[in-house]
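See structure below.
The values are calculated or read from the model by the stated rules, or taken from the named source; none is laboratory data. Small disclaimer: the values here were computed from a predicted structure and weren't measured. Please note: Cβ atoms are built from the backbone with ideal geometry, for glycine as well, and neighbour counts cover all protein chains shown. Note: accessible area is taken over every heavy atom of the protein model, side chains too, but ligands, DNA and RNA are not part of it. Shrake-Rupley method; radii C 1.70, N 1.55, O 1.52, S 1.80 Å.
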Amino acid sequence: MSSHTRGRIACLNGTKNVELKEFDVPSPDPDAIVTEIVRANVCGSELHMWRGGHPHINDGPLGHEGLCRIVDLGENVTTDNAGRPVEEGDLIVPTYFAICEACPRCGAGEFRLCEHAYDYWSQSADTHPHFHGTFASHYYVYPEQFFYKVSPDVPEGPAASANCALAQVLGGLDKAEVGWGDTVVVQGAGGLGLNAVAAATERGAETIVIDGVADRLDLAERFGADHTVDLRTYDSVEERADRVRELTDGQGADVGVEVAGVPEAFAEGIELLRPGGRYLEMGNVIPGHTTEFDPGAMTRKSINVVSVMRYDPWYLRTALDFLRETADDYPFDELVGEGFALDDVDAAIRRSDERDVARASLVPE
Ligand SMILES: [Zn+2]
Ligand SMILES: [Zn+2]
């Protein structure tokens, strides 16, 4: 590649202020890859940052989900992290976080908790190699990021969010040991929730979805939900807990999945479970938002709470395999909304924040 190719990247410059910066596209180090962004989705995390509410990243490059095309392969890179050969022109999806393989958590095999997860993403775009975020024309994949080749039969839209919601959900459901015959109650029918319903359904679980928006409940059914509970009909915790017991032979659900992202959902979730149930907390990710909680009620029921942040990197491979197998069975395409050019990145974020578009996507060309 010519060293004079220029690329652009969207950066946050203080709260609600996005600017596009332009840099020379770098050559990759021997173990790194330079890619072009094919599609990058606007996720809730970018909205948190844009509003100034992210605990770690409040300025610098935006974007973490993305489908990438290899344009310049470091000389030592011959395969993806599944050992499949890669070459320039291939589509790949990388993890959005780094795995240093040298910190205490990596040393214990807990790669999802790497202490250096955001070392690159949180760097300013002014720092070489500049392209640390996916709201950009190009994206630099560091040696510490796992990446997997995307087979051509995986649809582009879902592939572009595989490294966030779907990989997260697959890792989480494993931690909560969701399996055949379980009844799983999913709180919230957003991106994480719908992916969770499809993934739990494929594992042979029966699913109950709670949400208060008709379109989202309808979509949940098409993602495999066996039952839905409308917050507008069942408008108290007691009524919802009664309804879940009614649907589970008076027992309560085996597993609860919190993906509503509101603190009150955590307290409610415990009420929806049977004694000995498991509870997976994934939706509340911003510290400092509290809720009233009755720990004694949880202990009396001996609920096993599992909370997860990020995922072990091989779940990204599982996510892409999952999409290849099931893309025709669930309306994954409907999770990808309107496409925006990179020049319109501000509108893409603003309209996502106003919930004017369900899920905006940047399509830099
Ligand atoms: Zn995301
Ligand atoms: Zn590490």
Which number in (1) part of a helix (DSSP H, G or I); (2) touching a Phe, Trp or Tyr at 6+ places or on another chain (Cβ under 8 Å) marks the one condition that residue 125 misses?
(1)
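May I ask you to verify whether residue 252 is over 26 Å from residue 166 (Cβ atoms), open to solvent by less than 20 Å² (accessible area, probe 1.4 Å) and either touching a helix residue (DSSP H, G or I) at 6+ places or on another chain (Cβ under 7 Å) or hydrophobic (A, V, I, L, M, F, W, C) (or both)?
Values: over 26 Å from residue 166 (Cβ atoms): yes; open to solvent by less than 20 Å² (accessible area, probe 1.4 Å): yes; either touching a helix residue (DSSP H, G or I) at 6+ places or on another chain (Cβ under 7 Å) or hydrophobic (A, V, I, L, M, F, W, C) (or both): yes.
The answer is yes for residue 252.
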Only residues that are in a loop (DSSP other than H, G, I, E, B) and open to solvent by 80 Å² or more (accessible area, probe 1.4 Å): list them for region 272-301, please.
287, 289, 290, 292, 294
Looking only at region 228-249, and only at residues there that are among the β-branched types (Val, Ile, Thr) and assigned to a helix (DSSP H, G or I), the one that is surrounded by the most Cβ atoms within 10 Å (Cβ to Cβ)
244
Between a residue in region 96-109 that is in a loop (DSSP other than H, G, I, E, B) and any residue that is charged (D, E, K, R), which pairs come within a Cβ distance under 6 Å, given they are 6 or more apart or on different chains?
97/310; 98/119; 98/144; 99/144; 100/144; 103/115
Residues (within 14 Å of ligand 2 (Cβ to nearest atom), at pLDDT below 95 and open to solvent by 50 Å² or more (accessible area, probe 1.4 Å)) located in region 110-132
119, 120
Can you tell me how many residues within region 69-97 are closer than 30 Å to residue 17 by Cα and touching a helix residue (DSSP H, G or I) at 6+ places or on another chain (Cβ under 9 Å)?
5
Filter region 302-345 down to the residues that are at pLDDT below 95 and in a helix (DSSP H, G or I), then identify the one that is surrounded by the fewest Cβ atoms within 10 Å (Cβ to Cβ).
333
Go through the residues of region 314-336 one by one and say whether even a single one is over 24 Å from the mean Cα position of the chain (by Cα), β-branched (Val, Ile, Thr) and outside the structural domain of residue 145 (by TED's automatic domain parsing).
no
Taking region 133-179 as the search range and keeping residues that are within 16 Å of ligand 2 (Cβ to nearest atom) and closer than 16 Å to residue 315 by Cβ, which one is least open to solvent (accessible area, probe 1.4 Å)?
145
In this structure, does residue 206 turn out to be open to solvent by 20 Å² or more (accessible area, probe 1.4 Å) and closer than 25 Å to residue 314 by Cα?
no
Test for residue 220: is it within 16 Å of ligand 1 (Cβ to nearest atom), open to solvent by less than 10 Å² (accessible area, probe 1.4 Å), modelled with pLDDT of 95 or more and more than 16 Å from residue 355 (Cβ to Cβ)
no
